[in-house]
Amino acid sequence: MSTQPRCVQVLNGALAEIFERRDDVILLGEDLLDPYGGAFKVSEGLSDRWPDRVLTTPISEASLFGVAAGMALRGQRPILEIMFGDFIALGFDQIVNGIAKFREMFDDQVAVPLVVRTPMGGRRGYGPTHSQSLEKLLMGVPGICVVATSECHDLRGLLVNAVDDDRPVFFVENKLMYGRPHRRPVGGYVEELRVVETDTRYPALTFSGSEFEGGAATIVTYGGMLPIVLEAATELILEHEVFCEVVALSQLLPLDLDPVLESVARTGACITAEEGGRTGGVGAEIAARVQEAAWGDLRRPVQRVAAADGVIPAARELENQALPGVHDVVEAVTAVVGVHR
């Protein structure tokens with residue numbers, strides 16, 4: 001049995017630590033009060049300890065974004081939990097035309113230190129309006145920061161840093177991650193893969209099965225796709241003797257491209273993997289920038305693995321067909337490196 005805490009426990013502990021350390025933090029969102037403790041239980045126990053600082057709200061996301069923005073402008077550090085990432089669309093006017101713009105519109109005389117925590121992703125049978133990965137919509141909004149967490153990133157550190165950030169931070173948590181062990185590197189390794197971590201506010205992790213020597217391709221991913229990509233990387237080693245590097249970003253906006261370019265310089269090939277839709281996706285932005293900045297390092301154009309464009313079905317078999325899996329990543333890598341399956 002794993003001795004590692006589950007990711008939901010780490011996030012819950014981080015929130016408690018933040019509440020103890022800062023008296024300007026307010027948590028607000030739908031169904032947060034105990035004994036329910038939020039749809040995914042990240043806020044469990046907090047309202048009993050801080051009843052005046054955990055606010056349960058009506059179902060009105062547009063209003064919630066406005067209230068949270070007002071709190072931030074008045075000097076508080078609100079953490080807004082949006083129950084499902086799909087529902088950020090309901091607050092997009094507040095995000096695009098207010099939260100993202102206030103600081104620049106008022107010549108840096110105000111700040112909006114707001115953290116929006118929200119779960120993204122499918123694979124739970126929740127259907128078309130509760131299973132999307134909408135990071136690509138947020139990446140088109142200048143003036144905000146987008147952070148995507150994974151089970152291998154330092155969840156506590158990411159959340160603490162997000163609350164301390166003076167920018168509006170959208171803190172994306174994958175749904176499947178909550179119940180999984182927090183697989184932090186131990187002695188520089190996650191299982192058999194060597195890992196290095198950037199020294200940044202929102203670090204990127206780079207994994208290698210060959211001690212960063214002789215890698216055939218770089219796979220760039222984030223969030224809930226990381227465990228799928230790591231499984232694919234292991235299969236590529238065992239079944240094809242193909243060694244890849246995997247770069248797991250946490251900061252998507254502003255895009256943290258340095259670890260990607262460093263890896264591509266070693267491997268000469270790049271594949272992006274995301275759970276969001278292919279058209280206009282995170283991978284499309286990464287591909288464009290890598291080809292602009294590292295064309296001389298690439299043997300072939302950047303390849304993309306993503307969800308099919310369209311709704312995400314609730315039926316498990318159909319959902320699996322719509323979302324990218326291990327075989328999709330393996331096929332993309334073998335095509336790029338010229339391995340015949």
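After finding the eigenvalues of the alpha carbon gyration tensor for segment 26-127, what semi-axes result from the square roots of 5 times each, listed largest first in whole Å?
Numbers: eigenvalues 121, 65, 19 Å².
Computed over segment 26-127, the values are 25, 18, 10 Å.
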Legend entry - Virtual paramagnetic centre 7 Å along Cα→Cβ of residue 299, amide N under 17 Å, in segment 207-224: 209-210, 212-220
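If you stretched the chain out fully between residue 52 and residue 255, how much longer would it get, using 0.36 nm times the residue separation minus the C-alpha to C-alpha distance? Let's see the in-between values first.
Working: separation 203, 0.36 × 203 = 73.08 nm, distance 3.66 nm.
Additional length available on full extension: 69.4 nm.
Give, rounded to the nearest 20 debye, the magnitude of the charge dipole that the chain has about its Cα centre when Lys and Arg contribute +1 at Cβ and Asp and Glu contribute -1 at Cβ. Before the final figure, lay out each step's value.
On the way: 30 positive and 48 negative charges, 56 e Å.
Result for the chain is approximately 260 debye, rounded to the nearest 20.
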Inset, instruction - Could I have the simple spin-label model distance between residue 106 and residue 92, label points 7 Å from Cα toward Cβ, reported in nm to one decimal? - result: 2.6 nm
Inset, instruction - May I have the pair-distance distribution P(r) for segment 182-259, computed from all Cα-Cα distances with 5 Å bins from 0 and rounded to whole percent? - result: 3, 15, 28, 27, 17, 7, 2, 0
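Over segment 209-304, what is the relative contact order in whole percent, taking alpha-carbon pairs under 8 Å and six or more residues apart?
Numbers: 152 pairs, mean separation 31.1, N = 96.
Relative contact order for segment 209-304 comes out at 32 percent.
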Legend entry - Calculated P(r) of the chain - Cα pairs past 24 Å, %: 55 percent
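Compute the accessible area per residue over segment 172-248, keeping the other protein chains in place, probe 1.4 Å, unit Å².
On the way: 3040 Å² over 77 residues.
About 40 Å² of surface per residue is accessible.
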Legend entry - Gap separating the Cα centres of segment 233-281 and segment 6-68, nearest whole Å: 34 Å
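For segment 31-70, take the alpha-carbon Rg, divide it by the Kirkwood Rh, and send me Rg/Rh.
Working: Rg = 10.7 Å, Rh = 10.7 Å.
When Rh is taken as the Kirkwood radius, the ratio is 1.00.
The values are calculated or read from the model by the stated rules, or taken from the named source; none is laboratory data. All of these numbers come straight from a predicted model, not from anything done at the bench. No Cβ is skipped: glycine too gets one built from the backbone with ideal geometry, and neighbour counts run over all protein chains shown. Areas reflect the complete protein model, heavy atoms only, side chains present, ligands, DNA and RNA absent. Shrake-Rupley method; radii C 1.70, N 1.55, O 1.52, S 1.80 Å.
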